[in-house]
Amino acid sequence: MNNIGDEGMVGLFEPLRSNRTLVRLNLGKYFRVALDYNGITPDGAKFIASALENNGTVLRELILSRNDLSNKGAETLAIALQTNTSLNSLDLTYNSIEVEGMNALGMMLKTNTTLTSLNLDKNQVNDQALDLFSANLKMNNTLKELNLGNNNINIDGLKKFVEALQANNSLSVLDLTNNFIDDLGAKLIAKFLETNTSITSLNLSKNKIEEQGAEDIWEGMKKNTTLRVLSLAANLFGNGGVQSLSKVLAQNCVLLELDLSENMITMEGASYILQGLRENKVLVSVNLMENKLSDEEWEEFRDESKGRTIMPKPKKPECPVSYTHLTLPT
């Protein structure tokens, strides 16, 4: 752990104003040069923004996770990125960004043409903040990955966000882990999935989706032709939420990975899944960890799964479309 702070930003970023070789800089928690928890505030963000705004640097990836940027720091960076043409990835995890910061980042997306990945995990994004961000997201056609996990997103914010996604055709990876998405929110997402042709990975784990919400998502997937990775781990739907999954799996020829761990699924629900797997030819991974099957029921499930590879731990398949691998407890 270092504590570079705002004063250290002067010496670090002033040379970057004209640097044309550095492509990756991490000022977050997990970088190899250990610049984590650096206490960078909005004042420090000004020096970073100056280097970005100057466009003299060819910096591609900037990780500023777990600092103290807050709204002012996010606004400062967003203004610089409106005209920056080099940065592809920005990580602002855990920076106490709220309404004003999200509005600024959204406005940045209207004009920025190079940013493809934005991580806003573990901030303070509520429905109002997401509304302002969404108004501009619909006009962006370059962002491909967006992480809004571990925030305070509810049904009200989700409405305009889904509208923005329907107009946006570039976003392919979306993470909404651990928000407040319930059955009403799941229904909105399900309708969106029916017509969307860009999202390939969707993470809805650790939300509040119950039986009806899960069933709506399966219904939406019947018409979806692009989603390859879906996580509904740690929700609340149990057996009833997978009852119609068998028909969806039997027909779906796109989905490769499905995570249903921690959902109170018993052998009854596992049997619905198994019915679909018998006809599905493309699914690579199904995660059923931390559900409610006894050792004897797991053995029965294995016996019923003849002709398929059942592994106790995830492994990379030799041929990703030739068999399904089930993640079971050890």
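The values are calculated or read from the model by the stated rules, or taken from the named source; none is laboratory data. Quantities reported herein were computed from a predicted structural model and do not represent experimental measurements. FYI the Cβ positions are ideal-geometry reconstructions off the backbone, even for glycines, and counts take in every protein chain you see. When the accessible area is computed, the model is the full protein with side chains, heavy atoms only, and any ligands, DNA or RNA have been set aside. Shrake-Rupley method; radii C 1.70, N 1.55, O 1.52, S 1.80 Å.
General remarks:
- Modelled FRET efficiency - R0 30 Å, residue 302 with residue 222, Cβ distances, 0.05 increments: 0.55
- Residue list for the range 205-238, given a label point 7 angstrom along the Cα-to-Cβ vector of residue 266 and an amide N cut-off under 13 Å: 238
- Excluding ligands, DNA and RNA, the accessible surface per residue across the range 228-298 is 41 Å² with a 1.4 Å probe.
- Prolate/oblate/rounded call for the range 207-248, Cα gyration tensor, a/c under 1.5 rounded: oblate
- Histogram of C-alpha separations across the range 149-223, 10 Å bin width, %: 20, 59, 20, 0
- The stretch between residue 253 and residue 128, if pulled fully straight at 0.36 nm per residue, gains 41.2 nm over its current Cα-Cα span.
- Pairs spanning more than 32 Å between alpha-carbon atoms, out of 72/223; 122/187; 138/222; 46/208: 72/223; 46/208.
- Global geometry of the range 178-284, whether rounded, prolate or oblate, following the gyration tensor of its Cα atoms and the 1.5 cut on a/c: oblate
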